Amino acid sequence: MSDASVSLTLDSRDEATLLFGSRDQHLRMIRDALGVRLIARGDTIQIEGDPEQVNRAERVFVQLRQMLRKQGKLSIEEIRTVIEVVQAGADVPAAGENVALADFGRYLRPRTDGQARYVRAMRDHDLTVCVGPGGTGKTFLAVGMAVSLLRQGKVKRIVLVRPAVEAGERLGFLPGDIVAKINPYLRPLFDALHDMMDVEQVKRYMENDIIEIVPLAFMRGRTLNQAVIILDEGQNTTVPQMKMFLTRMGQGSKIIVTGDVTQVDLPKQTRSGLADALVRLRDVERIAILHLTEDDIVRHPLVQQIVRAYEDDKPRKKKE
């Protein structure tokens, strides 16, 4: 089979400098790991070699450029992780990338490179923050990881948390007791659990406080040991609420925060606790911050197009 060649044009020399690394360190890592030839000139890079490896190298650069746009920098560990994930393939994740969901060999597999990085981050870090548009699997994968760790005996309980904030609507006074009132806000977490476990098992775990689903306001004053604590819709927390939640972590626990900073339902003058945390925590070691994009959406194919349409500065004109 003849060699393949792909040429990539970067946005600027500054992007090239950050992408290539100090003294082209990042390029050497990619070259050595994938066995391709990399020729960098100014803001362009030529990839040559075995067609399959060239394709993988191109995917590595696509992923790294997305990360660079979101974060403004790249670490050696991030370069290594992206290479490992792409080498394994998005449809066949690397060893250990599956999230076990049941006792009968069923697995939840990351379906994109971004999702695979997310799963790896949750495994390797005690605090993971994941932001991205709807449909990227943020909540689903987090719940899957929690169920997996519970089944493995690595944690003793799962606590699923959500702020009770209405999405642009006013629902008024809901009937029933406190459980009935907060149930609509927590429904997405129930849906994720029921996709992974039998309804009766979920009910049994909840009766025994092995699984707890609570509104954010009920978390004050608690310290949770040996638990996976997931905060869903984190963009709808205030800054004090986010600080309160993050400090609930006890010994042997993991915290996972998910959200979409483009879907904030707080009053206009209120700063989102998630947006604030992304800035405050970006340089804190042992905290993983992941940015998923529309390329990681795994719902109906139309969802990707809808997200892109709403992200456009100007509405697209329908073709005649």
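The values are calculated or read from the model by the stated rules, or taken from the named source; none is laboratory data. Given the structure is predicted, the values throughout are model-derived calculations rather than measurements. Glycine gets a Cβ as well: all are built from the backbone with ideal geometry, and neighbour counts include every protein chain shown.
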Discussion item. Against the conditions (1) surrounded by fewer than 14 Cβ atoms within 10 Å (Cβ to Cβ); (2) within 19 Å of E77 (Cβ to Cβ), where does E52 fall short? Just the number, please.
Written reply: (2)
Item to complete: Please determine, by comparing only the residues of segment 108-148 that are small (G, A, S) and either without any contact (Cβ under 8 Å) to a residue 12 or more places away in the chain or part of a loop (DSSP other than H, G, I, E, B) (or both), which one is farthest from I306 (Cα to Cα).
Response: G137
Item to complete: Quick one: D295 ticks every box in (1) at pLDDT 85 or above; (2) within 20 Å of the chain's Cα centre (by Cα) except a single one, so which number is it?
Response: (1)
Discussion item. Can you go through F104, F173 and tell me which one is outside the structural domain of R280 (by TED's automatic domain parsing), at pLDDT below 55, surrounded by fewer than 22 Cβ atoms within 10 Å (Cβ to Cβ) and in a loop (DSSP other than H, G, I, E, B)?
Written reply: F104
Worksheet, complete the sentence: Only unsatisfied item for I45, checking (1) closer than 16 Å to A16 by Cβ; (2) modelled with pLDDT under 85; (3) over 20 Å from the mean Cα position of the chain (by Cα), is (2)
Fill in: Meets criteria (surrounded by fewer than 19 Cβ atoms within 10 Å (Cβ to Cβ), at pLDDT below 90 and either touching a strand residue (DSSP E or B) at 6+ places or on another chain (Cβ under 6 Å) or not assigned by TED's automatic domain parsing to the domain that holds V264 (or both)) for A164
yes
Worksheet item: Looking at segment 21-34, which of its residues are touching a Leu at 6+ places or on another chain (Cβ under 8 Å) and at pLDDT below 90?
Response: G21
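Considering every residue within segment 57-66, establish whether at least one is under 30 Å from V131 (Cα atoms), in contact with a Lys or Arg (Cβ under 9 Å, 6 or more places away or on another chain) and either in the same structural domain as V131 (by TED's automatic domain parsing) or of a type in the set (S, T, N, Q) (or both).
Checked against the condition, which is being under 30 Å from V131 (Cα atoms), in contact with a Lys or Arg (Cβ under 9 Å, 6 or more places away or on another chain) and either in the same structural domain as V131 (by TED's automatic domain parsing) or of a type in the set (S, T, N, Q) (or both), segment 57-66 yields at least one hit.
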Practice prompt. Give the residues of segment 71-83 that are surrounded by 15 or more Cβ atoms within 10 Å (Cβ to Cβ) and in contact (Cβ under 8 Å) with a residue 24 or more places away in the chain, sorted by residue number.
Written response: Q71, L74, I79, T81, V82, I83
Practice prompt. Kindly establish whether V92 is within 16 Å of E15 (Cα to Cα) and either at pLDDT below 85 or in a helix (DSSP H, G or I) (or both).
Written response: no
Worksheet, complete the sentence: Pairing a residue in segment 269-294 that is touching a residue at least 12 places away in the same chain (Cβ under 8 Å) with any residue that is of a type in the set (S, T, Y) and in a helix (DSSP H, G or I), where Cβ atoms lie under 6 Å and the two sit 6 or more apart in sequence or on different chains, gives L290/Y118
Discussion item. Checking the structure you have, find out if any residue of segment 54-67 is touching a residue at least 12 places away in the same chain (Cβ under 8 Å) and small (G, A, S).
Written reply: yes
Worksheet item: Do you know which residues across segment 1-42 are closer than 23 Å to K70 by Cα, among the β-branched types (V, I, T) and surrounded by fewer than 17 Cβ atoms within 10 Å (Cβ to Cβ)?
Response: T9, T17
Worksheet item: Has segment 276-292 got at least one residue that is closer than 18 Å to M67 by Cα, surrounded by 15 or more Cβ atoms within 10 Å (Cβ to Cβ) and at pLDDT below 90?
Response: no
